[in-house]
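The values are calculated or read from the model by the stated rules, or taken from the named source; none is laboratory data. Worth saying up front: this structure is predicted, and the values here are computed from it rather than measured. Heads up, the Cβs are rebuilt from the backbone with ideal geometry, glycines too, and the neighbour counts pull from every protein chain shown. In case anyone asks, the SASA skips ligands and DNA or RNA and just uses the protein heavy atoms, side chains included. Shrake-Rupley method; radii C 1.70, N 1.55, O 1.52, S 1.80 Å.
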Amino acid sequence: MMYLYLLHQCNIRRWINPFEFKTRDLELSLGLPRKTIASIRNRLKQRGLIEFVNGVGKSPSLYLIIGAKITNKDLQKYFVVTSSNNKSDDKGNDIGNNKGNDIGNNSADSTLYIEEKRNNTKDNPPNPQRGKRSRAPVEDGLFSEGELEKMKPKGVKASRLTEFVPPSPEDVRNYFMRRQADIRLPDWETEADSFFNYYDSQGWVKSNGRKVANWESLANDWILRKEKELRQPKQHEPTITYQRHTPDDTLADEQFKLAQRIQRRRSRSNFPGGEEPSGNLPQ
């Protein structure tokens with residue numbers, strides 16, 4: 001991403017190479033911290049794609065795109081250029097290529113040169129395989145196979161990077177069957193259809209406004225919630241208790257009914273016309 005961005009900056013400057021660019025602008029444009037930018041620039045330099053000179057204080061850094069024609073002679077002096085293999089056109093301008101304009105790769109200021117010098121100490125004798133491996137260009141791309149393997153998303157974060165594909169009603173029913181919803185819920189097909197219709201009508205967006213990344217986890221929560229509702233008694237539902245009536249209970253009920261009839265007769269005799277008073281009778 002940084003290499004393409006540097007190519008873009010060189011392009012909008014009509015390929016003035018090398019060119020100046022502030023590191024602060026790299027931070028704001030790419031959203032990367034300064035430490036990460038320094039690490040990536042060194043990696044691009046080791047790959048032989050760019051050369052750069054850090055700016056002092058608030059001054060911008062200098063960038064040179066290796067392989068592109070050098071058009072800025074004023075800033076070229078800040079870089080060590082080996083022009084033995086460079087070609088020139090009819091007007092005498094240098095034409096950069098992959099073999100020419102190898103800037104800094106063989107000089108004392110080169111990163112690879114310093115690394116090779118550090119490895120060729122008394123304690124660390126020269127290792128042709130190690131030196132060859134450090135200087136070998138990447139044939140298939142900018143990153144090696146080991147680096148690409150480390151970049152692969154793993155775990156839960158991988159689901160956020162992949163594009164979400166909404167399920168079909170058949171996919172939801174199959175998942176409910178895998179979770180044994182036919183045993184856990186009495187009407188599991190209706191619940192599966194309700195789950196699909198609920199989230200499909202909302203565009204597969206959760207209640208907090210975030211897009212659904214893993215619908216299977218939501219379907220599992222749906223099954224657990226419905227299963228819990230079945231185990232708990234519903235609120236405001238009358239609880240019916242069944243009691244066994246003994247002969248004593250039956251006799252008490254008859255006596256209570258007889259006392260109510262006697263009380264109603266007395267109340268009618270106390271009022272003219274035999275009408276019962278409205279409201280509850282005093283106990």
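Residues of the range 1-18 being assigned to a helix (DSSP H, G or I), closer than 19 Å to residue 43 by Cβ and free of Cβ contacts under 8 Å to residues at least 60 places away in the same chain, which ones?
Answer for the range 1-18, where residues must be assigned to a helix (DSSP H, G or I), closer than 19 Å to residue 43 by Cβ and free of Cβ contacts under 8 Å to residues at least 60 places away in the same chain: 2, 4, 5, 6, 7, 8, 9, 10.
Quick one: residue 180 ticks every box in (1) open to solvent by 50 Å² or more (accessible area, probe 1.4 Å); (2) farther than 18 Å from residue 225 by Cβ except a single one, so which number is it?
(2)
Condition (residue is modelled with pLDDT of 90 or more, within 30 Å of residue 147 (Cα to Cα), open to solvent by less than 70 Å² (accessible area, probe 1.4 Å) and touching a Gly at 6+ places or on another chain (Cβ under 8 Å)) applied to the range 22-38: is it met by at least one residue?
The answer is no; no qualifying residue exists.
What are the residue pairs meeting all of these: first residue in the range 39-51, first residue closer than 18 Å to residue 69 by Cα and acidic (Asp, Glu), second residue open to solvent by less than 50 Å² (accessible area, probe 1.4 Å) and not in a loop (DSSP other than H, G, I, E, B), Cβ atoms under 8 Å, and 6 or more apart or on different chains?
Pairs found: 51/45; 51/63; 51/64.
Could you tell me how many of the residues in the range 149-170 are modelled with pLDDT of 75 or more, among the hydrophobic types (A, V, I, L, M, F, W, C) and open to solvent by less than 100 Å² (accessible area, probe 1.4 Å)?
The total comes to 1.
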